[in-house]
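Colleague: Have a look at the structure that comes next, please.
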Amino acid sequence: MEGVSILFSQWVIWFGVYAIMALSFNLEYGYGGVPNFGKVLFMSLGAYSAGTLAAWLGLQWASSKAGIAVAGYTGPVYCSPEAYHVLSTASSQGWLEPSQYILLFVAGVILAAIVGAVFGAIGSYPTLRLGGDFLAITLLALGEIVRLIAYNSEWPVCSFNGLTAVPTPFAWYENKALVDVLYAVLIIGFTVLFYIYTHYVANSPWGRALKAMRDDELVAQVYGYNTAKLRLQVLVVGSAMAAVAGALLVFYAGSVQANTFKPERTFEVIVAVMLGGVANNIGVLVGAAVIAALNVFLNASALETLGITVPGNVATTLPYLRYVIMGILIVIILLYKPQGLIPEKPVQTPFLEKLRALIKEKHVVEEAAGTK
Amino acid sequence: MVDVAILYGILGALINGLRVGSLYGLMALGLTLIYRVTSIPNFAYAEYITYGAYAAYIAMTALALKGTLGLAFALAAALAVAALAALASDELAFKPLWVRGASPLHLLVASIGVGLVLRYSLLAVAGLAAGLLEASLPVRSTRLISIGGIASIETSHVLAVSAAVFFAVLLRIMFTRTKIGKAMRATASNPVLARVSGINIYLVRRVTWIIGGGLAGFAGFVYAYYYYVNPESGWLMLLWIFAAATMGGFTFYGSIISGLILGIAEQVISFLGSTYFGLNTAYSPVIALITLVIVLMYRPEGVIRLEALSLKKRV
């Protein structure tokens, strides 16, 4: 039973990560019409910055408390085996306080958001010159450049070994079976926050301007919108969200591997958005849940936990099958349901505006009654 | 004073760059043809190359073929399988989408999807069957001329360079002088008008995909003749292919020349970088990626486009 609960919290965590990524991609592509196929680039930047900050700062704190000097390594100091030893035993030895773990997490997420926003602003430069498929290819290529460098160089995340000793926020908690559940609750909190944020932002005047830009850029310009600025803004917001998703993934896994951020990851996000429904935030959540389920449940050990035994032949093909399914899914969606499962809805008037209008109306009626 | 060994090393890098470059050019030719006629930025293209390479390998090993005749048979298998894969992906995915009026971006997403299906089903099969995760033709490329014991010219060099030049000229002649080439250009510029003029645009499309896929199969055959192939090797070359095609402005001669430039740059820069700065050769794809980004951003119409002007005149 414990295995099942871990599995489900794993699914919830992956759902949260994909949901935040998909919500940000929906804001950029679904509402703004900017095909940011470099999603994984911003996600990886967030992951690298959060992971390195947490590992470096955690190491400083832990080693000063323990009185162990970790130095004399050619690459970044947190990549050395001693650093791994110190960080992985820090909670059992009491070198790091629970509050410090939480602080590391908060600092990591905030740094990731800032880094994501800055690089999103830089990444909006190609959108000034390009649109459509060429923009998509350019951003895809930029993501691959970053991954190749991260995979082959000690900076920032210990090349192909990966940075394996990131202090996770609940490492101090004794009941290890509950750690994943706690983290799942935390990530759901983030997801709900981002959902509410995107919902309101998409229904705001700014969201309508994005839609205008997507549908007809010339018309949006004629109506006085600075489309270059809109693109910059949407990429800053979207990239910061993607970077936070990357940071959350790092604090769950406790490690950063450059190869986590292959172009396939971007594609999973695109499938989630197109499956659920472009420019529909609820639909996007559905898509993210499906992709996360494919990711978590479609391997031999997960199926075994759920009580389904698979023959060895099938077990070896299962990890590949995931992408085959995704590929078929995307072609079928594009062919038969280009709107997605839940199509785009007309812009909603925000609840507060509705309330204000209601009060105003009542007021006007009363006033009219009073004057008579 | 520069060491003689380094000079020979640079010479070797140049010669190998010619081979890799003409392979990139050859691959970019098919991509260019497909892009010119159907305007699909086809990310699944690399998989046709892998399928061609695997078809050649399987044909040779399963039938225990040997010698030049065996190679010819393997080539036929590569051409057939890659052309079939290309045709099938068009008939099942791209054509229906195009008929429904999908945007280039949707076609790009669909092509990534098709690529995923092709690549990962090959990976799944290769994971099950023994000895398929890394394959190469049993008849290997042999040395023709040795230069200083370090650099050498092999049969694969001759094959790759001559095939690249031959196919570029052939495609160019086909595109400008023959009836099917004219039909392709007409279909590309205005499908409705082409149809009204009595051109069977679906037939034109099919011919385009068969030729494009066949070129991928040929490139895959040459690749497997020298290199080891794994199910992802086509995908790993895709960005080089795209870089060559965009740098050449999606023209045939331009693709070959840009492919050669990129291939030589890859080999020479990674050789110099590893000997003088100790840089890992794994960084070499960065060259292609940066080229791709710069070309797309500043010269999206291409850098080397010899025949573009003359083509305009002819139309």
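Readers should treat all values here as calculations from the given coordinates under stated rules, not as data from a laboratory. Predicted model, so just to flag it, every value in this text is computed and none were measured. Glycine gets a Cβ as well: all are built from the backbone with ideal geometry, and neighbour counts include every protein chain shown.
Colleague: Which pairs in the list B:LYS66/B:LYS179; A:LYS211/B:LYS182; A:LYS39/A:LYS229 are over 31 Å apart, alpha-carbon to alpha-carbon?
Modeller: Values: B:LYS66/B:LYS179 39 Å; A:LYS211/B:LYS182 40 Å; A:LYS39/A:LYS229 20 Å.
Violating the 31 Å Cα-Cα cut-off are B:LYS66/B:LYS179; A:LYS211/B:LYS182.
Colleague: Could you grab the relative contact order for chain A? Cα pairs under 8 Å, six or more apart, rounded to a whole percent.
Modeller: Answer for chain A is 31 percent.
Colleague: Then there's this: Please state the equivalent ellipsoid semi-axes for segment A:89-176: what are the square roots of 5 times the Cα gyration tensor eigenvalues, largest first, in whole Å? Mind dumping the intermediate values first?
Modeller: Working: eigenvalues 259, 55, 19 Å².
Over the Cα atoms of segment A:89-176, the semi-axes work out to 36, 17, 10 Å.
Colleague: Which value, in debye to the nearest 20, describes the size of the charge dipole of segment B:131-189 about its Cα centre when Lys and Arg Cβ atoms bear +1, Asp and Glu Cβ atoms bear -1, and nothing else is charged? Spell out each step's value before the answer.
Modeller: Details: 7 positive and 2 negative charges, 103 e Å.
So the magnitude is around 500 debye.
Colleague: Work out from phi, with θ = phi - 60° and the Karplus expression 6.51 cos²θ - 1.76 cosθ + 1.60, the ³J(HN,Hα) of each residue of segment B:106-119, listed in order in whole Hz, and give x for Gly and Pro.
Modeller: Each residue's phi maps through the Karplus curve to give 5, 5, 4, 4, 4, 5, 5, x, 4, x, 4, 4, 5, 5 Hz.
Colleague: For the charge dipole of chain A, defined by +1 on Lys and Arg C-beta atoms and -1 on Asp and Glu C-beta atoms about the Cα centroid, which residue among A:VAL244, A:ASN280, A:GLY3 has the Cα displaced farthest towards the positive pole?
Modeller: With unit charges placed on the Cβ atoms, the residue in question is A:ASN280.
Colleague: If you don't mind, another one. Where in segment B:89-110 does the amide nitrogen come within less than 16 Å of the point 7 Å from the Cα of A:LYS337, taken along Cα to Cβ?
Modeller: Answer for this model: none.
Colleague: Assigning unit charges at the beta carbon (Lys, Arg +1; Asp, Glu -1) and nothing else, what dipole magnitude in debye, to the nearest 20, does segment A:2-267 show about its Cα centre?
Modeller: 440
Colleague: Step through the residues of segment A:315-328 one at a time and calculate ³J(HN,Hα) from phi using the Karplus curve (6.51 cos²θ - 1.76 cosθ + 1.60, θ = phi - 60°), rounding each to whole Hz and writing x for Gly and Pro.
Modeller: These are the phi-based 3J(HN,Hα) values: 4, 6, 8, 4, x, 7, 4, 3, 6, 4, 4, 4, x, 5 Hz.
Colleague: To make sure I understand, if each residue's beta carbon is the centre and we count other beta carbons within 10 Å, what order do A:VAL250, A:VAL118, A:VAL166 fall in, fewest to most?
Modeller: Result, fewest neighbours first: A:VAL118, A:VAL166, A:VAL250.
Colleague: Tell me, how many Å apart are the Cα centres for segment B:60-97 and for segment A:271-286?
Modeller: Cα centres, segment B:60-97 to segment A:271-286: 38 Å.
Colleague: Please give the average number of partner chain Cβ atoms lying within 10 Å of the Cβ of each residue in A:135-143, rounded to a whole number.
Modeller: Average per residue, whole number: 6.
Colleague: Which residue fluctuates most in the GNM of chain B (Cα springs below 10 Å): B:THR32, B:THR50, B:THR178?
Modeller: Of B:THR32, B:THR50, B:THR178, the most mobile in the Gaussian network model is B:THR178.
Colleague: Averaged across the residues of B:295-302, what count of C-beta atoms belonging to other chains lies within 10 Å of each residue's C-beta?
Modeller: That average works out to 3.
Colleague: Using the alpha carbon gyration tensor of the protein assembly as shown, what are the three equivalent-ellipsoid semi-axes (square root of 5 times each eigenvalue), largest first, in whole Å? Each step should come with its number before you reach the end.
Modeller: Values: eigenvalues 395, 246, 118 Å².
Three semi-axes, in Å: 44, 35, 24.
Colleague: Can you tell me the orientation of helix B:45-62 relative to chain B, as the angle in degrees between its alpha-carbon axis and the longest Cα principal axis, to the nearest 10?
Modeller: Long axis of B:45-62 versus the principal axis of chain B: about 60 degrees.
Colleague: Once phi is turned into ³J(HN,Hα) by the Karplus curve 6.51 cos²θ - 1.76 cosθ + 1.60 with θ = phi - 60°, what whole-Hz value does each residue of segment A:300-310 show in order, with x for glycine and proline?
Modeller: Result, ordered by residue: 4, 5, 5, 5, 5, 4, 7, x, 10, 9, 10 Hz.
Colleague: With n ≥ 4 as the cut-off for DSSP H runs, can you work out [θ] at 222 nm for chain A, using -39500 (n - 2.57) per run divided by the number of residues, rounded to the nearest 500?
Modeller: Details: 15 runs with 272 residues, N = 372.
The helix contribution divided over chain A gives -25000 deg cm²/dmol.
Colleague: Moving on to the next point. Please list the non-local residues whose amide H lies under 5 Å from the amide H of B:VAL229, H modeled 1.01 Å from N, same-chain partners needing a gap of 5 or more.
Modeller: Placed amide hydrogens put B:ALA135, B:SER136 under 5 Å from B:VAL229.
Colleague: Something else now. Give, rounded to the nearest 20 debye, the magnitude of the charge dipole that the protein assembly as shown has about its Cα centre when Lys and Arg contribute +1 at Cβ and Asp and Glu contribute -1 at Cβ.
Modeller: 2380
Colleague: Considering every residue in B:281-292, what mean count of other chain Cβ atoms within 10 Å of its Cβ is obtained?
Modeller: Counting Cβ atoms of other protein chains within 10 Å of each residue's Cβ and averaging gives 4.
Colleague: Farthest toward the dipole's positive end in the protein assembly as shown, which of B:ALA194, A:ASN295, A:ASN161, given Cβ charges of +1 (Lys, Arg) and -1 (Asp, Glu) about the Cα centre?
Modeller: In the protein assembly as shown, that residue is B:ALA194.
Colleague: For chain B, count the residues as N, evaluate 2.2 N^0.38 Å, and divide the Cα radius of gyration by that value, please.
Modeller: Relative to the rule-of-thumb radius for its length, chain B sits at 1.00.
Colleague: Consider just the alpha-carbon atoms of segment A:236-298 and return their Rg together with their Dmax, both in angstrom.
Modeller: Computed over the Cα atoms of segment A:236-298, radius of gyration and Dmax are 12.4, 34 Å.
Colleague: Could I ask something else about it? Over what distance in Å are the Cα centres of segment A:308-335 and segment A:98-144 separated?
Modeller: 30
Colleague: Here's another thing I want to ask about it. Name the residues whose placed amide hydrogens come within less than 5 Å of the amide hydrogen of B:SER152, ignoring near sequence neighbours (fewer than 5 apart) on the same chain.
Modeller: Residues meeting the criterion, in which the H sits 1.01 Å from N, are B:ILE147.
Colleague: Over chain B, with a Gaussian network built from C-alpha contacts below 10 Å, which listed residue (B:THR246, B:THR281, B:THR187) shows the highest mean-square fluctuation?
Modeller: Most flexible of the set in this elastic network: B:THR281.
Colleague: Helix-derived [θ] at 222 nm for chain B: sum -39500 (n - 2.57) over DSSP H runs of at least 4, divide by residue count, nearest 500?
Modeller: Calculated from helices alone, the mean residue ellipticity at 222 nm is -25000 deg cm²/dmol.
Colleague: Cβ neighbours within 10 Å, averaged per peptide: list B:206-212, B:136-142 in order, most packed at the top.
Modeller: On the way: B:206-212: 22.4, B:136-142: 16.4.
So the order, starting with the most tightly packed, is B:206-212, B:136-142.
Colleague: Once the Cβ-Cβ distance between A:SER88 and B:LEU133 is put in as r, and R0 is 56 Å, what FRET efficiency do you end up with, to the nearest 0.05? Display every interim value, and only then the final one.
Modeller: Details: r = 34 Å, r/R0 = 0.60.
FRET efficiency, A:SER88 to B:LEU133: 0.95.
Colleague: If you find the alpha carbon centre of segment B:163-242 and of segment A:179-228, how far apart are they in angstrom?
Modeller: First find each Cα centre; the distance between them is then 41 Å.
Colleague: Equivalent-ellipsoid semi-axes (√(5λ), Cα gyration tensor) for segment A:2-267, whole Å, largest first?
Modeller: On the way: eigenvalues 260, 84, 43 Å².
So the equivalent ellipsoid measures 36, 20, 15 Å along its semi-axes.
Colleague: Still on this structure: Have a look at B:ASN42, B:ASN200, B:ASN190 and tell me which one the Gaussian network model of chain B (Cα, springs below 10 Å) gives the largest fluctuation.
Modeller: B:ASN190
Colleague: Which residue, chosen from A:ALA209, A:PHE267, A:VAL185, occupies the Cα position most advanced towards the positive end of the dipole of segment A:2-267, where the dipole is computed from +1 (Lys, Arg) and -1 (Asp, Glu) charges on Cβ about the Cα centre?
Modeller: Value: A:ALA209.
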